[in-house]
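S.K.: Sharing a structure here in structure tokens format.
The values are calculated or read from the model by the stated rules, or taken from the named source; none is laboratory data. Note that the coordinates shown come from a computational prediction; the quantities given were computed from them, not determined experimentally. Because the Cβ atoms are built from the backbone with ideal geometry, glycine has one as well, and the counts that use them run over all protein chains shown. Areas reflect the complete protein model, heavy atoms only, side chains present, ligands, DNA and RNA absent. Shrake-Rupley method; radii C 1.70, N 1.55, O 1.52, S 1.80 Å.
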There are 2 protein chains.
Amino acid sequence: MSNPVLVEVLRGELVESAHRGAVCVVDADGATVLALGDVAQPVFPRSAVKAFQALPLVESGAADRYRFGDQELAIACGSHSGEPAHVTAAERMLARAGLDASALECGAHRPSHHPSADALVRAGRAPSPLHNNCSGKHAGFLCVACHLGVDRHGYVAPEHPVQRAVRATIEELTSTALGEDRCGVDGCSVPTWAVPLKNLAHGFARFGTGHGLDAARAKAAARLRAACAREPFFVAGTGRFATLAMERLGERAFVKGGAEGVFCAALPDHGLGIAVKCDDGAGRAAEAVAAGLLIRLMKLDAGERAVLGRFARPVLNNWNGIEVGRVRPAAAVLNDTVS
Amino acid sequence: MSNPVLVEVLRGELVESAHRGAVCVVDADGATVLALGDVAQPVFPRSAVKAFQALPLVESGAADRYRFGDQELAIACGSHSGEPAHVTAAERMLARAGLDASALECGAHRPSHHPSADALVRAGRAPSPLHNNCSGKHAGFLCVACHLGVDRHGYVAPEHPVQRAVRATIEELTSTALGEDRCGVDGCSVPTWAVPLKNLAHGFARFGTGHGLDAARAKAAARLRAACAREPFFVAGTGRFATLAMERLGERAFVKGGAEGVFCAALPDHGLGIAVKCDDGAGRAAEAVAAGLLIRLMKLDAGERAVLGRFARPVLNNWNGIEVGRVRPAAAVLNDTVS
């Protein structure tokens, strides 16, 4: 048995490639609104749950102690492009706790934002851990460790108090017991815990509504959502889907992707959570599905639909700028009547 | 109905992503030796058939007229990384026909080889069409046009004499009629023609053996294969699979990938042609399958198996260099008995 095709990639009029996967949309009570494919299958949410991983930062009091504003909270939830403002925001978070980049255990990689990567090359500088797309999340973890007064070294290990708090948070949000058999190591060295897609969607419905959460967690979730809505540049970066979608939609949609074809969203006004996993790990497909689902599920004006439509049905141009194909979400993603 | 899983991507011990697709191995008579999935489905071969596209360069006499050696012929068959030696080889081909980079209609992109891309940035230079991975192929097309005495402008159009010759060559090698309904525009603006996977594999069996080809074509194919075996750096580049495989295996294997998850190979000693298409377009999967098939089908020594094994079962490391997962071809790819 296989999951359905969620996205087709056309070259001219022929389907050149196709992406299968699963989609789940649930309400805050956990009732399924839309399910395509095997939504019981555990998936590694990767960076899609950075906002869940940031809840202890707010709930512990660390965010207040270190006077974090919207930019700091947004980048703690973000996978940024390594642009200069991202680097300085992560650096600022660390400085508030008396730390610098040397405390980060995420590893270094080039900025995904090409002009920023080129600027480093021109300056003869190697990328630092601050350029890692996860540096805001990691700065948040370090601040939690400092605030709790525990040894910050090894804060990426599953047994470290910070990761234990993160795991407990994800377990509660998703109603899923996360044992060692569900644990993988993420690109930035922290644990990533495999969660059934339906439970992941339920977690986002709760995160978006506060429904079923204790008052402190509901308040922390609302604070993170508001921060991301006000500073969406810090969740992703120039020209990227999450940034442009939240710039346009504000608090009406929290959207966040993860590596290997994951995309999650919370639609507070509709009381819905969304989780998408493309079987093959393709980000191009997950993004098109996520954009398509927002168009399908939200009440949008023409301008909003146009912004999302560029990500739902991107045109593929070749090196000469000639249109050679397009990406098209399947009818099951776009057209089915919401039950 | 869906194609089988060809490759699994594990994070820790859990399958995080999986790639479906089709595989066909045939002999030079067109008899199927191995078939997984729908091998009758037409697929765009993209750059995997650059060697077929280079046959008119040799058959027309252009390669002799312009005194092309192994490097020029290999890069005409190649998808290079934009390293300095690649750029100068393509430039040399053009100069032999009295042309320069301004004649290329492939468009420009950054070298895929990071140090070469960085060197351009440091020099404050934009990538030129010579850096396009297809510049050797395009230089070959231009040389054919000049040799034939036809207008070189618009040599990328389907109706241009050069592309008509290329189409006829692919039609004959693959026993496939290529009408307009099979035509897409490739990344470098030339036509790419959709061919059933089995016919594509048959084309490579013929290319590798000369069986069923007229004497001139068989000789041209052997010349291109020998050139690629002697100068495999010009088919791909530093550290890449096609280059390392052919460095190690010489004329025993001609291997060439294409965009969107295509990989083809010819095994002359075994009289076999191989074609792989991953449904989702994933290059990581196509490469692992191709490497796995070479291990399965060829008689290899331990050193050869080790070189190919690094591509068949690559280890995935994160930004800290920690092993977080691996890529694993499915049992159906590796273990089935060859019929």
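S.K.: Residue under question is B:Val25, and the condition is that it be open to solvent by less than 20 Å² (accessible area, probe 1.4 Å), in contact (Cβ under 8 Å) with a residue 60 or more places away in the chain and within 17 Å of B:Val289 (Cα to Cα); does it hold?
M.R.: yes
S.K.: Okay, moving on. Among the residues in segment B:220-240, are any among the aromatic types (Phe, Trp, Tyr) and more than 14 Å from the chain's Cα centre (by Cα)?
M.R.: No, there is no match, as no residue in segment B:220-240 is among the aromatic types (Phe, Trp, Tyr) and more than 14 Å from the chain's Cα centre (by Cα).
S.K.: In segment A:247-272, which residues are within 14 Å of chain B (Cβ to nearest Cβ) and open to solvent by 20 Å² or more (accessible area, probe 1.4 Å)?
M.R.: A:Ala259, A:Glu260
S.K.: For segment A:273-339, which helices (runs of 4 or more DSSP H) that fit wholly inside it have 2 or more residues that are charged (D, E, K, R) and open to solvent by 30 Å² or more (accessible area, probe 1.4 Å)?
M.R.: Fully inside segment A:273-339 and qualifying: A:283-297, A:302-312.
S.K.: Sticking with this structure for a sec: Just to be sure I understand the filter: pairs with C-beta atoms under 8 Å, separated by 6 or more residues or on different chains, first member in segment B:2-19 and more than 7 Å from chain A (Cβ to nearest Cβ) and open to solvent by 10 Å² or more (accessible area, probe 1.4 Å), second member among the acidic types (Asp, Glu) and part of a strand (DSSP E or B). Which pairs pass?
M.R.: If the second residue must be among the acidic types (Asp, Glu) and part of a strand (DSSP E or B), the pairs left are B:Val15/B:Glu8.
S.K.: Filter segment B:129-170 down to residues that are without any contact (Cβ under 8 Å) to a residue 12 or more places away in the chain and either within 18 Å of the chain's Cα centre (by Cα) or not in a loop (DSSP other than H, G, I, E, B) (or both) and give me whichever is nearest to A:Gly12 (Cα to Cα).
M.R.: For segment B:129-170, the residue satisfying everything is B:Arg164.
S.K.: I'd like to check something: does segment B:259-273 contain any residue that is within 24 Å of A:Asp280 (Cα to Cα) and not hydrophobic (A, V, I, L, M, F, W, C)?
M.R.: The answer is yes; a qualifying residue exists.
S.K.: What is the residue count in segment B:101-128 for residues that are in a loop (DSSP other than H, G, I, E, B) and closer than 19 Å to A:Trp319 by Cα? Quick ask: steps written out before the conclusion?
M.R.: Residues of segment B:101-128 that are in a loop (DSSP other than H, G, I, E, B), as a first pass: B:104-113, B:123-128.
Filter once more, so that each one left must be closer than 19 Å to A:Trp319 by Cα: B:104-113, B:125-128.
Looking only at that region, the number is 14.
S.K.: How many residues are under 24 Å from B:Ala245 (Cβ atoms), in contact (Cβ under 8 Å) with a residue 60 or more places away in the chain and either open to solvent by 40 Å² or more (accessible area, probe 1.4 Å) or not in a helix (DSSP H, G or I) (or both) when one looks only at segment B:202-218?
M.R.: Matching residues across segment B:202-218 total 2.
S.K.: Tell me which residues, restricted to segment A:80-100, are closer than 26 Å to B:His114 by Cα and not in a helix (DSSP H, G or I).
M.R.: Those that are closer than 26 Å to B:His114 by Cα and not in a helix (DSSP H, G or I): A:His80, A:Ser81, A:Gly82, A:Glu83.
S.K.: In this structure, is A:Phe52 within 23 Å of A:Arg164 (Cα to Cα) and open to solvent by 10 Å² or more (accessible area, probe 1.4 Å)? Steps first, please.
M.R.: Details: within 23 Å of A:Arg164 (Cα to Cα): yes; open to solvent by 10 Å² or more (accessible area, probe 1.4 Å): no.
Answer is no for this residue.
S.K.: Now for a different question. Tell me the helices (runs of 4 or more DSSP H) entirely within segment A:18-79 that contain at least 1 residues that are touching a Leu at 6+ places or on another chain (Cβ under 7 Å) and either within 28 Å of B:Gly283 (Cβ to Cβ) or not aliphatic (A, V, I, L, M) (or both).
M.R.: The helices (runs of 4 or more DSSP H) meeting that bar are A:50-53.
S.K.: Can you tell me which residue among A:Ser81, A:Ser135 is more than 14 Å from every other protein chain (Cβ to nearest Cβ), polar (S, T, N, Q) and buried (at least 22 other Cβ atoms within 10 Å of the Cβ)?
M.R.: Just one listed residue meets the conditions, A:Ser81.
S.K.: Sticking with this structure for a sec: Exactly one of these conditions fails for B:Leu308: (1) more than 15 Å from the chain's Cα centre (by Cα); (2) closer than 25 Å to A:Ala18 by Cβ; (3) more than 14 Å from every other protein chain (Cβ to nearest Cβ). Give me its number.
M.R.: In the conditions (1) more than 15 Å from the chain's Cα centre (by Cα); (2) closer than 25 Å to A:Ala18 by Cβ; (3) more than 14 Å from every other protein chain (Cβ to nearest Cβ), B:Leu308 misses (2) alone.
S.K.: Considering each residue of segment B:177-201, count those that are touching a strand residue (DSSP E or B) at 6+ places or on another chain (Cβ under 9 Å) and in contact (Cβ under 8 Å) with a residue 24 or more places away in the chain, and give that number.
M.R.: 17
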